[in-house]
Amino acid sequence: MRIVLVFVALTFYLFSKPLPLIFLGNEKVSSRDLYDTLGLHLPYALEVWGDQPVIEPVIISQSITALTSYYRSKGYFGTKITPTATDTSITFGIQENDPIVVIDIQINSPLDIGHDIELRPKMLFDQDKFASSKTKIKKRYHDAGYCNGTFNSKAWVDIETHEAHLLFEATPNEKCTFGPIIAESTPNIDSALTTSMLRFEEGDTYSLEAIQQSYEILYAQEAIARVSINDTDRNGSIVPIMLGIEEVEKPIRFSAGLGISSDQGLGGQIGLKHRDFFGNLKTLSLDAKFTEIKKTASSVLSVPLYNHLFGYGEVGYSDELFNGYRSQSVFEKLTLKHQDKPTSFLISLLFDQAKTYESTNISAFPNSNLFIPSPMAEINIDTRDKLLEPTRGNWINAKAQGSVYSGISDASYFKTLLSGAHIESFGEHIIAARVKWGVLRTYEGQVPSAYRFYAGGMNSNRAYRYRELGPKDPNGDPLGFNSLLEGSLEYRFPLYDSFRGVLFSDLTYGSNNYIPNYTIPYWGVGAGLRYITPIGPIAIDAGVDPNDFAQYALHFRIGELF
């Protein structure tokens, strides 16, 4: 009879319905991290439709084992987890107890690997950081050409005294070099072309970073579905390379989307792209975009060349609403780009048939129909770790374009724009600074009003709305500037869970001359909120002029400014 009762109770337990899971007592580890460890999703604040995560009673024991292992990985070796079940929920009571603290770290290495070790004395012993440190040390040696190095990393953990003693040892052995490169051909892609895109050649010092950069540039080609760079068949210090490429099965792709920003309002996009147009990684795209103030349509032909060179041909049309006039452009653009890591360089030739019309102030914004061919050059250096949510690195961009007044061009002008940013992180706290300087000089003829610099908005001074900073005409329309200097300083910090905060200060100088007027500053200060999502942070910024609290603006976007 007793056996029958036990069987019935066990059967009821196994087939009982899932119940909401609640964590109590966890202070050092967030509930979201604990849910993630169990493969459960805790709805974000914006997911009002989401339900509390539930768990099957039958897996309580395995769940406790998984959570205990997770706590151990974070340095909490003495964590105790006690389950409590009711008819409506399951609660895991957590007693985290004292963590293991790193006491000392011994390093024996010919190369300086101190910056690769993520743990420091007095920090908690985090097994993930310990493993990551070993990986970084190995990568440091591989990037220096030592592909056959030997490594020894140990951690002595005393659970009685809550202390950890760490050892990292490395022996480089002989330097390695890249050997012969054998590339597999595909029906539509020449193997010589893909080989020329690699960031290394036979005889170069072996480098994991060069291999990673090669992966990045090859995967950037939309006709490629899969890349394999096999470096495992080593012959002593010589590392032969086998390069494998797989093409996309369906080269034609259709795209469409809707969006919104505080600068341009509601918008949408529709596009069609052939990602392997007549083979060898060429692409042909047709795109149309529209917002409340701007409409564009363009077609771009991209042609990868050899030795990190790319050619582009573009034809397009745009119509944009400015305060005080409209600007229309029919243009053709030819570009040659040299793409390296982290530097890229472009030279272009732009043919612009630019029309200014519906002006409300003829003297400030003359109606015109101008043809201006402009040679252009641009250099970009980007060492940021991520594009949408960078935590460290630098970014420098320099652009220059101009034209000579002649029987062909309607203007002789020169325009430059220099931008740069520096981002530094201190744990989860980030300091970021950006500066932008631009000058437009017109020597003969006339340039379109849209060529001038405008300030204000989420990518400029955030105390002002989009393109509304600076002197205005009698109609209240901004006149823009011939010279502009802007700077921004941000402090980004954690708030709670997936929320981050930002404090910022923006400063703008401009003038109608070729040097900004430094006696008239436009200042903006404010705060922002970031909600971290898989596609980047959703950002809201509120800025105000501290000298005039009536001057304020609200901005929203996806991604950090810089």
Point to revise | Test: residue 415 is of a type in the set (Lys, Arg) and out of contact with any Ser or Thr (no Cβ under 7 Å at 6 or more places or on another chain) | key: yes
Exercise for review: Mind listing whichever residues of the range 1-31 are of a type in the set (D, E, K, R) and at pLDDT 90 or above?
Suggested key: 27, 28
Review point. Just wondering, is there one or more residues in the range 466-483 that are part of a strand (DSSP E or B), surrounded by fewer than 22 Cβ atoms within 10 Å (Cβ to Cβ), in contact with a strand residue (DSSP E or B) (Cβ under 8 Å, 6 or more places away or on another chain) and charged (D, E, K, R)?
Key: yes
Review point. For the range 515-537, which residues satisfy the criterion of being buried (at least 16 other Cβ atoms within 10 Å of the Cβ), assigned to a strand (DSSP E or B) and either among the basic types (Lys, Arg) or out of contact with any Asp or Glu (no Cβ under 7 Å at 6 or more places or on another chain) (or both)?
Key: 522, 525, 529, 530, 531
Review point. If you check 91, 68, 84, which single one turns out to be surrounded by 13 or more Cβ atoms within 10 Å (Cβ to Cβ), assigned to a strand (DSSP E or B), of a type in the set (S, T, N, Q) and not assigned by TED's automatic domain parsing to the domain that holds residue 164?
Key: 91
Revision key, fill the gap. Scanning the range 352-390 for residues that are among the hydroxyl-bearing types (Ser, Thr, Tyr) and surrounded by fewer than 14 Cβ atoms within 10 Å (Cβ to Cβ), the one nearest to residue 481 (Cα to Cα) turns out to be 363
Exercise for review: Please go through the range 217-253 and pick out each residue that is assigned to a loop (DSSP other than H, G, I, E, B), in contact (Cβ under 8 Å) with a residue 40 or more places away in the chain and among the aliphatic types (A, V, I, L, M).
Suggested key: 223
Review point. Only one of 160, 174, 202 is in a loop (DSSP other than H, G, I, E, B) and free of Cβ contacts under 8 Å to residues at least 24 places away in the same chain; which?
Key: 160
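Here is a yes/no grid of residues against (1) among the β-branched types (Val, Ile, Thr); (2) in contact with an Asp or Glu (Cβ under 8 Å, 6 or more places away or on another chain); (3) buried (at least 17 other Cβ atoms within 10 Å of the Cβ):
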position: 162; (1), (2), (3): no, yes, yes
position: 168; (1), (2), (3): no, no, yes
position: 173; (1), (2), (3): no, no, no
position: 178; (1), (2), (3): no, yes, yes
position: 184; (1), (2), (3): no, no, no
position: 187; (1), (2), (3): no, yes, no
position: 198; (1), (2), (3): no, no, yes
position: 203; (1), (2), (3): no, no, no
position: 207; (1), (2), (3): no, yes, yes
Practice item. Please give the number of the condition residue 131 fails out of (1) surrounded by fewer than 19 Cβ atoms within 10 Å (Cβ to Cβ); (2) touching a residue at least 12 places away in the same chain (Cβ under 8 Å). Key: (2)
Study note, to complete from the structure: Considering residues that are assigned to a strand (DSSP E or B) and in contact (Cβ under 8 Å) with a residue 24 or more places away in the chain, the number found within the range 331-341 is 5
Check your understanding: What single numbered condition from (1) closer than 27 Å to residue 174 by Cα; (2) part of a loop (DSSP other than H, G, I, E, B) fails to hold for residue 97?
Key -> (1)
Exercise for review: Just one of (1) touching a helix residue (DSSP H, G or I) at 6+ places or on another chain (Cβ under 9 Å); (2) at pLDDT below 95 trips up residue 496, so point out which.
Suggested key: (1)
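The values are calculated or read from the model by the stated rules, or taken from the named source; none is laboratory data. Every value quoted in this text rests on a predicted model; they were computed, and no experiment measured them. Cβ sites come from the backbone with ideal geometry, for glycine too, and all protein chains shown count toward neighbours.
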